[in-house]
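Here is the structure we will look at.
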Amino acid sequence: MFLGREHELSEFDRLYQQNRFHLFVLYGRRRVGKTTFLKEFCKNKPNIFYSAEQSNEKLNLEKFSTLVFQHYGETALEPFGTWENAILYIHKHQVDKPLVLVIDEFPYLANINPAILSMLQHLVDHSLQDGKLFLVLCGSYMGFMEKEVLSAKSPLYGRRTGQLRMKPFDYKTSCQFLSAFSDEDQLLLYGAFGGTAMYLAQIQPDQTVQENITSLYLRPTGYLYEEPLFLLRQEVYEPGIYHAVIEAIANGASHASEIATRTGEDSPKCLKYIHTLCQLGILYKEVPFGEKHNSRKTIYGISDPMFRFWYRYVAPNRTLLETDAPDIVWKRRIQPDLTNYMGHVFERICQDYLLRENSAGNLPFLFSSIGRWWGTDPRTHTQVEIDLVAQDGTSYIFGECKWRNEKPGYKILQELQNKAAVFGRKPREIWYVLFSKSGFSDALLDASLKDPHLILVSMENIMNG
C-alpha cells in the first residue's frame, strides 16, 4: 500500500499533464522512499524505469538498451553505443506523445562517465525541449546531486524544470504506518524510528513497542543494528570522523568548540563535518529565536530520530548487545530514560503540529517564523528556555511541551508567562499554548474557558488535528 507523498504526487501529476518536456531532479537520503514514490507516479503512464548499477558503462548501457527495446517492442537490435544515442532514440519516439523516463541512482552513471552531464545539457538545448519526454534524474548521494546536478557550476544548471529534495515524513504522516498502535505508542515509535519510510515499514503491528525496538535495534541481526554506520559509509569519505562528531553530540556536546574538543579535530575542519551532516539532515543547527543565523549561541543537535535513538541507546551498549543482552539493555538503559528522550521529540512534534495548524489558518494569526528560545534571566542569572516561540509582527505565541504521565497544573502556565517576560520583546498580543501528553488539570481547563489567549493542546488534538 502506498502511504504519504500525496502532495508531491499531485505536483508530479500536474507537471505531467502539461504535456511538454520536463527535466526533473529528485534527490534525498537513502530509504526515504524516492524509488517507491517514482514507481507510484509511473503507474498507468507510459514509462521506462531504469535503476543504474555500480558496474561499468557498457553493462549499464546494455541493460538500459534492453529496457528501451522491450518498451518499443523492438527485437534483434544491437545495444546503444552511447547514452546520447539511447536518449535520442527515445526522444524521436516521443516527439508527439509523453513518456516518463526515470534514471534512478543517477550518480552511479555520472561517476562512471562525468561527461554524461554535458551530454544531457546539449540534448536539452538542441533536441529534448521540443519533445514531450518527462525525464527524472534521481539520486541518493546528496552532496553529488546538489553540487554536480543542481549547482550553478553544473552543466545542467538552468535546464531543470523542477526539483525536489525528498525528506522524511513528519509525525502525522508517519503515524499512518502505525495505525495498529495507541496514540502514545505511535509517537514513541516515531521518536525511535523517525519518518523514513523504509524504517517505518519494518515495524510489526502485532508486536509491542519494546518488541519492535528490541528486534530491529538491539539484536546484531536487526535491520537497524548498524544502519547509521552503513549510511555514513555510503554518504561520506571519512565515516569514522563523522561518526565521532555525531557521538560527541549524542554525549552532550552542543557547541562547535565542544564538539571539536571531544573529537580532537580543529574547529574549522570540525565545522565542515558538522555542515555536511546538517546538509544530510542528520544534524540540525539552532540559534535562539530571533537571533542572527551566525549567533555565537549557535548549538547543534541530532535531528534524525533514528540516528538520535541509535547513538543514545545502541552505540554505548554495543558490548552488552554483542553478548546477547537486549532485554537488560531495554530494562536498564532505555525504558527508564524514554520519558527524557521523548521530551525533545515531543517538542518537535508540537512544532510540526503548529506548522500544520498555521498552514490551515487555524491559529489566532498567521505566523511567519517559529523556533525555540533560550537566554539568561537577568534577575536570577539562571538559564531560561521556551520550548516554542512563533511570531508575526508584534503578535507572539509562546508554547510549553510536556511529555509526562501527570497532568500539568496552573503553575506551568505561570512559569511560561514568567519566561515570556524574560524573552524581552514587547508583543502587542500574546497567546500561550500548552501541549500535554496526559491532559490538563481542572484549573487549567477552567482558565482556558475564561481566557481566549490560552490554548490547550492534548494528545488527541495532536493526533487528530
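The values are calculated or read from the model by the stated rules, or taken from the named source; none is laboratory data. Here the structure is a predicted model, which is why all the values come from computation and not from measurement. Positions of Cβ are generated from backbone atoms using ideal geometry, with glycine treated the same way; all protein chains shown enter the neighbour counts.
For every residue, the table says whether it meets (1) among the basic types (Lys, Arg); (2) surrounded by fewer than 17 Cβ atoms within 10 Å (Cβ to Cβ); (3) farther than 21 Å from Ser359 by Cα.
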position	(1), (2), (3)
Arg379	yes, yes, yes
Tyr396	no, no, no
Trp403	no, no, yes
Lys407	yes, no, yes
Gly439	no, yes, yes
* **Per-region count, the range 441-460, residues surrounded by 14 or more Cβ atoms within 10 Å (Cβ to Cβ), in contact (Cβ under 8 Å) with a residue 12 or more places away in the chain and of a type outside the set (A, V, I, L, M)** => 2
* Mind counting the residues in the range 123-147 that are without any contact (Cβ under 8 Å) to a residue 40 or more places away in the chain and either polar (S, T, N, Q) or in contact with a helix residue (DSSP H, G or I) (Cβ under 9 Å, 6 or more places away or on another chain) (or both)? => 3
* **Qualifying positions in the range 1-35 - assigned to a helix (DSSP H, G or I), under 16 Å from Thr173 (Cα atoms), in contact (Cβ under 8 Å) with a residue 24 or more places away in the chain and not basic (Lys, Arg)** => Glu8, Leu9
* To do: Go over the candidates Glu265, Glu258, Glu247, Glu235 one by one and state the one that is farther than 30 Å from Ser179 by Cα and either under 19 Å from the mean Cα position of the chain (by Cα) or not acidic (Asp, Glu) (or both).
  => Glu235
* All but one of (1) in contact (Cβ under 8 Å) with a residue 60 or more places away in the chain; (2) touching a Gly at 6+ places or on another chain (Cβ under 7 Å) hold for Ser254, so report the exception by its number. => (1)
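For every residue, the table says whether it meets (1) charged (D, E, K, R); (2) within 22 Å of Leu15 (Cβ to Cβ).
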| site | (1), (2) |
| --- | --- |
| Ser154 | no, yes |
| Gln163 | no, yes |
| Lys172 | yes, no |
| Ser179 | no, no |
| Phe193 | no, no |
* Asked: Name the residues in the range 436-465 that are part of a strand (DSSP E or B) and touching a Phe, Trp or Tyr at 6+ places or on another chain (Cβ under 7 Å), would you?
  -> Leu454, Ile455, Leu456, Val457
* Asked: Of these, Arg296, Arg308, Arg262, Arg219, which one is in contact with a strand residue (DSSP E or B) (Cβ under 6 Å, 6 or more places away or on another chain) and either basic (Lys, Arg) or over 30 Å from Thr376 (Cβ atoms) (or both)?
  -> Arg308
* Inter-residue pairs, beta-carbon under 6 Å, first in contact (Cβ under 8 Å) with a residue 40 or more places away in the chain and charged (D, E, K, R) and in the range 40-63, second surrounded by 18 or more Cβ atoms within 10 Å (Cβ to Cβ) and part of a loop (DSSP other than H, G, I, E, B), 6+ apart -> none
* To do: Please work out if Leu178 is modelled with pLDDT of 90 or more and surrounded by fewer than 18 Cβ atoms within 10 Å (Cβ to Cβ).
  => no
* Asked: What's the number of the condition Phe106 fails, among (1) touching a helix residue (DSSP H, G or I) at 6+ places or on another chain (Cβ under 6 Å); (2) closer than 22 Å to Ala52 by Cα?
  -> (1)
* Criterion: charged (D, E, K, R), under 20 Å from Ser140 (Cβ atoms) and in contact with a helix residue (DSSP H, G or I) (Cβ under 9 Å, 6 or more places away or on another chain) - qualifying residue of Glu78, Glu84, Glu40 -> Glu40
* All positions within the range 79-93 that are surrounded by fewer than 20 Cβ atoms within 10 Å (Cβ to Cβ) and more than 13 Å from Leu67 (Cβ to Cβ) -> Gly81, Thr82, Glu84, Asn85, Leu88, Lys92, His93
* Asked: Restricting attention to the range 260-269, does a residue exist that is free of Cβ contacts under 8 Å to residues at least 24 places away in the same chain, out of contact with any helix residue (DSSP H, G or I) (no Cβ under 6 Å at 6 or more places or on another chain) and among the polar types (S, T, N, Q)?
  -> yes
